[in-house]
Each structure stands twice: as C-alpha cells, then as structure tokens.
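Read-outs: derived from the displayed coordinates by stated rules, not from any lab. In this text the structure is predicted, and so the values were computed from the model without any measurement. Note that we place each Cβ from the backbone using ideal geometry, even for glycine, and neighbour counts take in every protein chain shown.
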Number of protein chains: 2
Amino acid sequence: MAEAKTQLFDNDLQELAQLFKALAHPARLQILSFLASQNACFSGDITEEIPLGRTTVNQHLSELKKVGLVQGIVRGSKTNYCLDNKAIELLEKSGIEFLSKLNKSNCNDC
Amino acid sequence: MAEAKTQLFDNDLQELAQLFKALAHPARLQILSFLASQNACFSGDITEEIPLGRTTVNQHLSELKKVGLVQGIVRGSKTNYCLDNKAIELLEKSGIEFLSKLNKSNCNDC
DNA sequence: AAAGCATGACGTATTTTTACGTCAAAATTA
DNA sequence: TAATTTTGACGTAAAAATACGTCATGCTTT
C-alpha cells in the first residue's frame, strides 16, 4: 500500500548528494576535523569543541552517523564516537584540501 | 551601525560547508555532470535534462554560480553556462568517484 | 513593428534543516 | 540507595531550501 513515489533522480546521484549534505554544515565539518585529530572521542568532548548546544551537536552527530561517516559505541554511561571507514576513505582520497589535511586516526576504543 | 554578528565558525569551515551545500542536491550534481559532458551548454538544454521545472533549474544554476562552480554568459537571447575553474579543479582533484569520472570540458563559448 | 522565445527576478506555499528545551533512562559516584 | 552525570529521544519555533507560477525584459523572427 506504500506509495511508489516516482524517482526523479538516479540513485547514485541521490546518495552522493546525501553525503555532500552531511558535509554541508560547518559544525559537522568541525566534528569530523576534531574526530580525525583525536583518538579518544567522547560525546562530551565533542560538545565542548563545538559552539552549539549539546542537543544540537548530538543531532549533527546523528546525521554523520546516518550517512556512515561516523560511528559511535556506548561505553558505560558515555558514548565514544569515531570516524567510520567511509570518512577515513573520503579523507584519504579526497583532493579537497581541508579534508585531506586532516589526520586520519583510529579510535582505540571502537 | 551594522551588527557585528559574532562568528560561530571558522571562515574556512564555513566556506567549505557552503561548497558542499552547493553539491548537496541531485539536480545540481546532474547539472554539473551534464555541463562536464557538453561543450555547448544553453540554459534551455540543461532544463530539458533535469526533471524539474524551468524556474527551479534556473534557481539551482544560480546557486552553482554563487559558489563559483558554474559560469554563465549571455549570448543574445540565450545564456551559455559552463563549468567554472573551481568546478574543473574540483573534478580533477577530487577522489570522489562520481566527480572524477566526469570529463572536464571547456565551453568553447565562455 | 508585432509576435514569439529564452531568461532572470520576484513572490510564495511546502518541506527540511537547525537549534534548543525538556524528559527519561542508564550508569557512576557519593 | 540517593544524587549526579551522560546521553538519546521527543517536541517545537524559527530559519532556510525547494519547487513553481507569474511577470518583465530583451532578443529574434516574421
């Protein structure tokens, strides 16, 4: 019964646009940058780095997670976030200056 | 007298986010793709390629122009659009599969 | 000059995104 | 066990993006 809503665009285009959308906010870029420079990556630490409220930062984290750029696992009462494979690959391959300058790091906890 | 509205984010981050935002819509990616494959690039031709109304496509073109990915010059009653340097550079350097697969072309009219 | 195209500007309804407050749950600490 | 922390879920107001219709302008054709 679900509407078969006609696809206007190619799937690849749509997916790529989705990825770019995730990168299209300075807070999210800053989060990626921070995660790339850190091994430990508590949710709380990230919050302190970003000039926005905690819940907003959390929301941005969710979006990064949704497109597979970031990964988060629960450790007791805290949550550890780190770059997911997709992000690391992107950082490595991308010719985009900002991204490639980031150090890719492996979270030693994820 | 203008409010000195405090900057929340670094300028570079903001600018890069702006660029990604321009890439964050399938229609705009398709426009870039089309322009990259064409030498001639009438506004009208583009409109026919994209499954959206004319004015909407025009709006997307404006956004691409705003961030310097696309360039348009008036030729009589028509307007020629083509990739701007920024886009060509991006296509060349980017490790992002979709982008680097596009052929960069020079509009022979711009 | 008149009629017909191609474009861009402008206004606008709808949908998304953004930012944040409040709540509830799970885990730590006291 | 009670108080505190840390976090995610949910709701929501405000701002931005999206898609289009309409109008005006400036070329082309006729």
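Things worth noting here:
- For the segment B:25-35, counting C-beta atoms of other chains within 10 Å of every residue's C-beta and taking the mean gives 4.
- Compactness of segment B:13-101, expressed as Rg and Dmax over alpha-carbon positions, Å: 12.5, 39
- Distance from the Cα centroid of segment A:45-59 to that of segment B:14-86 is 35 Å (rounded to whole angstrom).
- The order of A:Leu13, A:Leu35, going from fewest to most other C-beta atoms within 10 Å of their C-beta, is A:Leu13, A:Leu35.
- Average beta-carbon neighbours from other chains, 10 Å sphere, peptide B:16-23: 6
- Here the simple spin-label model places points 7 Å from the Cα toward Cβ, and for A:Lys65 and B:Asn39 these points are separated by 5.2 nm.
- Extension reserve of the A:Asn11-A:Arg75 stretch, reckoned as 0.36 nm per residue once the Cα distance is removed: 19.4 nm
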